[in-house]
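Heads up, the thing below is written out as structure tokens.
The values are calculated or read from the model by the stated rules, or taken from the named source; none is laboratory data. Model, not experiment: these values are computed from the prediction. Here the Cβ is made from the backbone with ideal geometry for all residues, glycine too, and neighbour counts use every protein chain on show.
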Amino acid sequence: MDGFDASTYGESFADTYDRWYGDLPGLEDTVAATARLAEGRPVLELGCGTGRLCLPLAGRGVVVHGLDSSDAMLQRLVEKDPTASVVVHRADMSAFDLPGAPAFGLAFLAFNSLFNLPSAEAQAGCFASVARHLAAEGRFALECVVPGDPPSRVKDAVDLHSIGVDRVVLRVSRQNPADQTVTGQHVEITEAGIRLRPWFLRYATLAELDAMADAAGFALEHRWADWAGTPFGGDAVTHVSVYRLGTSG
Ligand SMILES: C[S@@+](CC[C@H](N)C(=O)[O-])C[C@H]1O[C@@H](n2cnc3c(N)ncnc32)[C@H](O)[C@@H]1O
């Protein structure tokens with residue numbers, strides 16, 4: 001999408017993010033799993049947004065750093081964190097360097113946020129950057145949707161996102177199966193006018209993710225259907241993949 005860059009999503013959604021996504025299910029499971037996987041070591045959340053996940057994680061006493069490319073998202077996080085319990089970094093997760101940061105025991109990317117990176121190269125760059133910031137045998141955990149079969153993914157779509165007495169929000173998307181991307185807009189219509197919130201995703205298969213992990217020095221440690229650790233089966237629509245550094249022998 002012309003004009004779409006690393007901060008466009010965050011800048012477009014920051015004002016409404018917590019209203020629309022603040023109550024997503026699975027928060028407790030995510031926080032419990034990430035705390036457990038960190039094994040007492042510092043944690044880095046990539047694409048941390050408004051702090052939906054990293055703030056409650058820090059509330060458990062875990063040392064947490066949050067990285068995001070959007071000033072507007074990070075501003076919301078900081079406003080919700082009067083004690084500065086999360087150390088924030090504004091950076092592009094496809095290639096980052098955090099001088100002075102601790103060696104992290106866990107880095108994680110939830111809610112499909114790896115797919116915010118627009119190409120396989122950018123996603124592979126994220127794995128490589130994460131590897132450089134982890135402690136020995138550190139982990140990288142990803143929560144992503146499992147891409148469906150191509151025929152169900154080739155349609156353009158207009159879905160109802162939400163409706164109220166004073167507004168309707170439509171989700172308009174175009175599938176580009178050749179490059180595994182989806183171009184979209186959330187279109188919010190009110191009597192005052194129309195607000196566009198653009199988004200762009202590049203989805204990756206499990207095999208691609210495992211290859212990116214391998215190239216960056218990780219081996220797959222766990223693959224679950226969710227953060228609660230539900231076994232991953234053929235019908236799972238999401239996966240949580242946990243990779244570990246330097247354990248492939
Ligand atoms: C779907 S939101 C997820 C926010 C948070 N992790 C959560 O689960 O609520 C994706 C986040 O990734 C950030 N993001 C998108 N592209 C990025 C990039 N290239 N580098 C760093 N952050 C990025 C966005 O600004 C946004 O805050």
Would you be able to tell me the number of residues in segment 51-73 that are free of Cβ contacts under 8 Å to residues at least 40 places away in the same chain, closer than 19 Å to Y9 by Cβ and assigned to a helix (DSSP H, G or I)?
1
Condition broken by R202, with the remaining ones in (1) crowded, with 16+ Cβ neighbours inside 10 Å; (2) within 24 Å of S241 (Cα to Cα); (3) of a type outside the set (A, V, I, L, M); (4) out of contact with any helix residue (DSSP H, G or I) (no Cβ under 8 Å at 6 or more places or on another chain) satisfied
(4)
Of the residues in segment 33-71, those that are closer than 17 Å to S113 by Cα and surrounded by fewer than 18 Cβ atoms within 10 Å (Cβ to Cβ) number 1
On the given criteria, is D235 in the same structural domain as L134 (by TED's automatic domain parsing) and among the acidic types (D, E)?
yes
When you scan segment 1-12, how many residues do you find that are within 12 Å of the ligand (Cβ to nearest atom) and either in contact with a helix residue (DSSP H, G or I) (Cβ under 8 Å, 6 or more places away or on another chain) or outside any helix (DSSP H, G or I) (or both)?
7
Within segment 26-50, the count of residues that are more than 8 Å from the ligand (Cβ to nearest atom) and assigned to a loop (DSSP other than H, G, I, E, B) comes to 5
Residues (without any contact (Cβ under 8 Å) to a residue 12 or more places away in the chain and closer than 24 Å to A91 by Cβ) located in segment 3-30:
G3, D5
Every pair of residues 6+ apart whose Cβ atoms lie under 8 Å, when the first sits in segment 78-93 and is of a type outside the set (D, E, K, R) while the second is within 11 Å of the ligand (Cβ to nearest atom) and in a loop (DSSP other than H, G, I, E, B)
V86/C48; V86/G51; V88/C48; H89/F96; A91/S69; M93/G47; M93/S69; M93/L117
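This table checks each residue for (1) crowded, with 18+ Cβ neighbours inside 10 Å; (2) modelled with pLDDT under 95.
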{"residue": "D166", "(1), (2)": "no, no"}
{"residue": "N176", "(1), (2)": "no, yes"}
{"residue": "L196", "(1), (2)": "no, no"}
{"residue": "A207", "(1), (2)": "no, no"}
{"residue": "A215", "(1), (2)": "no, no"}
{"residue": "F218", "(1), (2)": "yes, no"}
Sort out which residues of segment 74-94 are of a type outside the set (G, A, S) and either part of a helix (DSSP H, G or I) or near the ligand (Cβ under 8 Å from one of its atoms) (or both), and write them in order of number.
L74, Q75, R76, L77, V78, E79, D92, M93
